[in-house]
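The values are calculated or read from the model by the stated rules, or taken from the named source; none is laboratory data. Please read all numbers here as calculations on a predicted model, not as lab measurements. Every residue, glycine as well, gets a Cβ built from its backbone with ideal geometry; the counts of neighbours run over all protein chains shown.
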Amino acid sequence: MIQRICISTAVFLLALYCFFLYDDAIVACFLIVEPAYILSTFFILKMMKKHLCITMEQVIPIAEKDQDIPVRVTVKNTSRLPLIHFRIWLQMENSFTGEKESYQMEGRTGYRDQQTLLLMLRARHCGNLKITLKRCWIYDYLFVCKEAVRLGTSQRIGVLPQCHLLMVDVTRRTREFLADADEYSDRESGNDPSDIYQIREYREQDSIHDIHWKLSAKADELLVKERGKPLGCAVLIWLNLDQSGYHANDRNGNRRRTTGDESFTNLLEVASSLAFSLLEERCVHMVAWYEPKNRMIQKKRISKEEHIYELMNRMLFVEPYQDGKTAGNQYEEAFRGVTFSTVVEFRLDGSVWINGEKQMKIPVQSQSIKWNEMYFTV
């Protein structure tokens with residue numbers, strides 16, 4: 001705007017100089033027309049500003065990482081004057097990483113007409129995206145004057161992390177780990193006498209205590225009941241999002257970001273991929289994290305594919321926290337008396353710990369993660 005004012009002033013001064021230098025009627029007309037044009041344009045843009053309706057259509061609520069997100073913005077001119085040119089400033093902000101990206105859309109609309117603009121956005125990281133229409137500028141015919149229209153309309157999109165199939169070695173200790181559960185396997189037998197997996201014919205190696213005497217008497221042959229296998233959670237994936245060690249304050253007392261924030265989205269993606277890979281290996285497990293708003297531990301049991309999508313949806317609301325001591329106390333209270341074969345801990349600095357031992361470090365840049373070389377033993 002300042003640049004346009006300077007240019008207009010320079011042109012006016014040049015015309016004024018020519019007016020005194022040359023006795024020409026054209027220069028005199030220009031000196032009259034230019035201020036009149038700028039003054040009339042100023043009032044016209046002010047009037048058109050009140051008759052401009054800018055709306056953003058409903059965007060998709062859920063998207064995947066690196067997926068194109070269509071954003072449609074409709075500009076409607078309800079005045080009797082043609083709107084020559086407009087420019088819209090749109091901003092996309094990721095609440096997980098704090099990064100902001102700005103975009104601009106340009107177009108034209110005529111007398112009592114409307115135009116819909118399409119902008120394709122792409123989320124490079126998972127998390128909650130906030131798309132906001134910040135401002136719209138309308139211009140006159142010669143782009144000399146412009147008027148700003150403040151908008152503020154926003155919508156949110158949840159970007160789910162991508163699930164990659166990782167190399168996972170489920171040890172025999174984990175396979176045979178006994179854990180209490182209300183759900184039993186329908187694919188293999190176990191050692192829980194409170195549940196019956198199936199009834200079959202007697203074999204020589206079967207114990208006499210497993211014979212179902214009532215059914216055997218009815219069938220006139222020996223039948224054996226196989227015990228059920230409880231689908232207890234043998235593996236715990238713990239998301240330790242304590243950020244007290246990964247932030248510092250600047251000279252003004254404001255919190256500044258460190259590498260802990262950059263690796264946060266990668267942490268969620270690796271944790272989701274591990275949960276997906278354990279499910280592929282038919283290993284029932286649990287994912288848990290501390291929720292600072294409610295001051296409680298959130299748990300999600302993973303035993304089927306639907307649970308993975310529910311987990312990723314809930315991860316969109318996961319937030320780092322400062323009070324690591326309270327989170328530790330809640331963790332001990334939530335899992336008191338509960339044992340797991342393996343505890344996989346993801347820390348905010350990108351390190352991965354298995355049963356108290358550091359195993360790997362997740363790169364800060366997602367492009368540096370070699371998914372086909374990532375290996376877990378649980």
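So, in segment 121-145, how many residues would count as being in a loop (DSSP other than H, G, I, E, B) and either without any contact (Cβ under 8 Å) to a residue 24 or more places away in the chain or not hydroxyl-bearing (Ser, Thr, Tyr) (or both)?
Just the residues of segment 121-145 that are in a loop (DSSP other than H, G, I, E, B), to begin with: 123-126, 140-145.
From the residues that got through so far, the ones that are either without any contact (Cβ under 8 Å) to a residue 24 or more places away in the chain or not hydroxyl-bearing (Ser, Thr, Tyr) (or both) too are 123-126, 140, 142-145.
So the answer is 9.
So in segment 40-67, with the set limited to residues that are hydroxyl-bearing (Ser, Thr, Tyr) and at pLDDT below 75, which one is farthest from Val149 (Cα to Cα)?
Taking segment 40-67 and keeping what is hydroxyl-bearing (Ser, Thr, Tyr), we get 40-41, 55.
Those left that are additionally at pLDDT below 75: 40-41.
Numbers: Ser40: 19, Thr41: 16 Å.
My answer is Ser40.
Show the residue pairs that are 6+ apart or on different chains and have beta-carbon atoms under 6 Å apart, the first residue being within segment 102-116 and touching a residue at least 24 places away in the same chain (Cβ under 8 Å), the second being among the basic types (Lys, Arg) and assigned to a strand (DSSP E or B).
What qualifies is Gln114/Lys76; Thr116/Arg72.
Taking interchain pairs and intrachain pairs at least six residues apart, which have beta carbon atoms under 6 angstrom, with the first residue in segment 58-87 and among the charged types (D, E, K, R) and the second crowded, with 16+ Cβ neighbours inside 10 Å?
Short answer, once both residue conditions are applied: Glu64/Leu160; Lys65/Cys126; Lys65/Val159; Lys65/Gln162; Arg87/Trp137.
Would you call Leu45 in contact (Cβ under 8 Å) with a residue 24 or more places away in the chain, farther than 25 Å from Ile157 by Cα and buried (at least 17 other Cβ atoms within 10 Å of the Cβ)? Full working, then the answer.
Numbers: in contact (Cβ under 8 Å) with a residue 24 or more places away in the chain: yes; farther than 25 Å from Ile157 by Cα: yes; buried (at least 17 other Cβ atoms within 10 Å of the Cβ): yes.
Spelling it out, Leu45 is indeed in contact (Cβ under 8 Å) with a residue 24 or more places away in the chain, farther than 25 Å from Ile157 by Cα and buried (at least 17 other Cβ atoms within 10 Å of the Cβ).
Can you tell me how many residues in segment 152-167 are surrounded by fewer than 18 Cβ atoms within 10 Å (Cβ to Cβ) and either modelled with pLDDT of 85 or more or part of a strand (DSSP E or B) (or both)?
Of all residues in segment 152-167, those surrounded by fewer than 18 Cβ atoms within 10 Å (Cβ to Cβ) come to 152-156, 162, 164-165, 167.
Of the ones still in play, those that are also either modelled with pLDDT of 85 or more or part of a strand (DSSP E or B) (or both) are 152-156, 164-165, 167.
Within segment 152-167, residues that are surrounded by fewer than 18 Cβ atoms within 10 Å (Cβ to Cβ) and either modelled with pLDDT of 85 or more or part of a strand (DSSP E or B) (or both) number 8.
Please work out which one of (1) loosely packed, with under 14 Cβ neighbours inside 10 Å; (2) farther than 19 Å from Met167 by Cβ; (3) not small (Gly, Ala, Ser) is the condition Arg347 fails and give its number.
Every listed condition holds for Arg347 apart from (1).
Criterion first (in contact (Cβ under 8 Å) with a residue 60 or more places away in the chain and in contact with a helix residue (DSSP H, G or I) (Cβ under 7 Å, 6 or more places away or on another chain)) does Ile308 satisfy it? I'd like the intermediate steps shown before the answer.
Working: in contact (Cβ under 8 Å) with a residue 60 or more places away in the chain: yes; in contact with a helix residue (DSSP H, G or I) (Cβ under 7 Å, 6 or more places away or on another chain): yes.
So Ile308 fits the description; yes.
Of everything in segment 284-340, what is of a type in the set (Phe, Trp, Tyr) and either over 19 Å from the mean Cα position of the chain (by Cα) or modelled with pLDDT under 85 (or both)? Give them in sequence order.
Answer for segment 284-340, where residues must be of a type in the set (Phe, Trp, Tyr) and either over 19 Å from the mean Cα position of the chain (by Cα) or modelled with pLDDT under 85 (or both): Phe317, Tyr321, Tyr331, Phe335, Phe340.
Considering only segment 81-106, state which residues are under 23 Å from Leu45 (Cβ atoms) and acidic (Asp, Glu).
Residue satisfying the conditions is Glu106 alone.
Taking the residues in segment 305-352 that are of a type outside the set (A, V, I, L, M) and assigned to a strand (DSSP E or B) as candidates, determine which candidate is nearest to Glu269 (Cα to Cα). Can you show your working first?
Pass one, segment 305-352, residues of a type outside the set (A, V, I, L, M): 305-307, 309-310, 313-314, 317, 319-326, 328-333, 335-337, 339-342, 345-347, 349-351.
Add one more test, that the residue is assigned to a strand (DSSP E or B), and what stays is 321, 342, 345-347, 351.
Working: Tyr321: 19, Thr342: 20, Glu345: 14, Phe346: 11, Arg347: 13, Ser351: 14 Å.
Step by step, filter segment 305-352, then rank; the result is Phe346.
Select from segment 353-364 the residues that are without any contact (Cβ under 8 Å) to a residue 60 or more places away in the chain and assigned to a loop (DSSP other than H, G, I, E, B) and write down the one among them that is surrounded by the most Cβ atoms within 10 Å (Cβ to Cβ). First the steps, then the outcome.
Filtering segment 353-364 down to residues without any contact (Cβ under 8 Å) to a residue 60 or more places away in the chain leaves 353-361.
Keeping just the survivors that are assigned to a loop (DSSP other than H, G, I, E, B) gives 355-356.
Working: Asn355: 12, Gly356: 7.
For segment 353-364, the residue satisfying everything is Asn355.
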